[in-house]
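Below: the structure, in structure tokens.
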Amino acid sequence: MTDMVYRAAAVQQVGDPVLPRWWRTIDKLTFGCILVLFALGLLLGLAASAPLAQRLELDSFYFVVRQAVFGIAAITLMLMVSMLSPRMIRRLGVVGFVFAFASLAALPFVGTDFGKGAVRWFSLGVASFQPSEVLKPFFIVVTAWLLVAGGQEGGPPGKRISLLLTAVIVIMLALQPDFGQAALIIFTWTVMYFVAGAPMVLLMGLAGIVAGGGVIAYNSSDHFARRINSFLAEEFDPRSQIGFATNAIREGGFFGVGVGQGQVKWSLPDAHTDFIIAVAAEEYGLLLVGAIILLFLVIVVRSLFRLMRERDPFIRLAGTGLATVFGVQAMINMGVAVRLLPAKGMTLPFVSYGGSSLMAAGLSVGMLMALTRARPQGLIGDILLRQGRR
């Protein structure tokens, strides 16, 4: 039925220019929110990255200029991907997943840790590449395709294959170690499987397995155990990253200490990446932090509401996964800064500095915008009524 409606819509749109049709059908409010987030990222980068640039004896605007270049490339990628059809999104997801998965598998052999204790990047000289960031949107699209195919009569065992892929990716991420990205992959797959109609008993069983895996990781990984112990401790070192971030948020109050007057950027080595929200809270206060949270909330909620009108199961599942990973990553980044979650080393999409992060965010939101574009498919009740009259 959906294919029939899409074919009818295609006939109606013959000869319609691509750009005007794209502009009419995308969610303009989501697009505007993304641009505002990117602009805020540049604004905060001006304050947060200058101290690090000085310590490295670089130009004061070195990181801001690079963020602007990567950001423009990410926005361009987002716009290009948002013009694709759902079928092309699926094809892009499959091809991209093969490349990203192979890159992730190659990390232990040719990757680097940049002195951070976790082999997560490829050093490209003038830039770096983090496969796990790019893998997430491709993984979501492939998972949605497998879940839909597995529910069709005579289709492949898509649910079992997607579970196997998830397990393999989680193990590869845990070995880096990158438990934050591993947890995000598990959570996103669980949400998609739930939307696809998974029984609650199965999900509860998987939750037990994940909890058991967490216990094993705690007992076998010093890196994981240190972060959990630090999070659970009643007292924490005020000179740690969490200590500096918490104090900055407290000092900022409602209106902030003033533009350029914050001190946390001089103490935190990752002030321009993982803890960018602490810089925003200190210099601009709760007002700006609340505005950033609202922007992420609008993007996620509007996308989910638009997906509720879709009858194509692939679009619903892939779009839900993309919206989930975008919103949960933002929640984790801000939750770590206020000590609601253990430290994860995760960036704030479109706001934090990072080439891989920006490009992955542009790719994810581009796919999400493509899948949530308005389509002349009508209400399901109207279509069923027309079918009954024939």
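The values are calculated or read from the model by the stated rules, or taken from the named source; none is laboratory data. None of the values given here were measured: they were computed from a predicted structure. Cβ sites come from the backbone with ideal geometry, for glycine too, and all protein chains shown count toward neighbours.
Counting residues in the range 190-203 that are in contact with a Ser or Thr (Cβ under 8 Å, 6 or more places away or on another chain), aromatic (Phe, Trp, Tyr), under 23 Å from ARG87 (Cα atoms) and outside any loop (DSSP other than H, G, I, E, B) gives one or more.
Here is a list: ARG90, ARG66. Which entry is in contact (Cβ under 8 Å) with a residue 12 or more places away in the chain, more than 30 Å from LEU307 (Cβ to Cβ), charged (D, E, K, R) and surrounded by 13 or more Cβ atoms within 10 Å (Cβ to Cβ)? Only one candidate passes the filter, namely ARG66.
For ARG160, the conditions (1) closer than 22 Å to PHE101 by Cα; (2) over 23 Å from the mean Cα position of the chain (by Cα); (3) outside any helix (DSSP H, G or I) are fulfilled apart from (3). Inside the range 37-71, residues that are within 21 Å of the chain's Cα centre (by Cα) and not in a helix (DSSP H, G or I) make up a count of 0.
Suppose we filter GLY366, GLY321, GLY388 for residues that are modelled with pLDDT of 90 or more, more than 19 Å from PHE194 (Cβ to Cβ) and not in a loop (DSSP other than H, G, I, E, B); which single one remains? Full working, then the answer.
Numbers: GLY321 fails: more than 19 Å from PHE194 (Cβ to Cβ); GLY388 fails: modelled with pLDDT of 90 or more.
Going through GLY366, GLY321, GLY388 in turn, just one is modelled with pLDDT of 90 or more, more than 19 Å from PHE194 (Cβ to Cβ) and not in a loop (DSSP other than H, G, I, E, B): GLY366.
When restricted to residues that are of a type in the set (Lys, Arg) and within 19 Å of the chain's Cα centre (by Cα), the range 72-126 contains 2.
Right, VAL168: buried (at least 16 other Cβ atoms within 10 Å of the Cβ), β-branched (Val, Ile, Thr), out of contact with any Asp or Glu (no Cβ under 8 Å at 6 or more places or on another chain) and not in a loop (DSSP other than H, G, I, E, B) or not? Considered against the rule, which asks whether it is buried (at least 16 other Cβ atoms within 10 Å of the Cβ), β-branched (Val, Ile, Thr), out of contact with any Asp or Glu (no Cβ under 8 Å at 6 or more places or on another chain) and not in a loop (DSSP other than H, G, I, E, B), VAL168 comes out as no.
So which pairs qualify, if the first residue must be in the range 32-57 and over 14 Å from ALA280 (Cβ atoms) and free of Cβ contacts under 8 Å to residues at least 12 places away in the same chain, the second must be in a helix (DSSP H, G or I) and not basic (Lys, Arg), the Cβ gap must be under 9 Å, and the two must be at least 6 apart or on different chains? If the second residue must be in a helix (DSSP H, G or I) and not basic (Lys, Arg), the pairs left are ALA53/TYR62; ALA53/PHE63; ALA53/VAL64; LEU56/TYR62.
Of the residues LEU348, LEU340, only one is without any contact (Cβ under 8 Å) to a residue 40 or more places away in the chain, closer than 16 Å to ALA278 by Cβ and in a loop (DSSP other than H, G, I, E, B); which?
Being without any contact (Cβ under 8 Å) to a residue 40 or more places away in the chain, closer than 16 Å to ALA278 by Cβ and in a loop (DSSP other than H, G, I, E, B) holds for just one of LEU348, LEU340, which is LEU340.
In the range 94-118, the residues that are exposed (fewer than 12 other Cβ atoms within 10 Å of the Cβ) reach residues that are part of a loop (DSSP other than H, G, I, E, B) and not acidic (Asp, Glu) with C-beta atoms within less than 7 angstrom, at least six apart or across chains, in these pairs: PRO108/VAL119. Of the residues VAL191, VAL148, VAL215, the single one that is among the β-branched types (Val, Ile, Thr), crowded, with 16+ Cβ neighbours inside 10 Å and either within 19 Å of GLY335 (Cβ to Cβ) or out of contact with any helix residue (DSSP H, G or I) (no Cβ under 6 Å at 6 or more places or on another chain) (or both) is VAL191.
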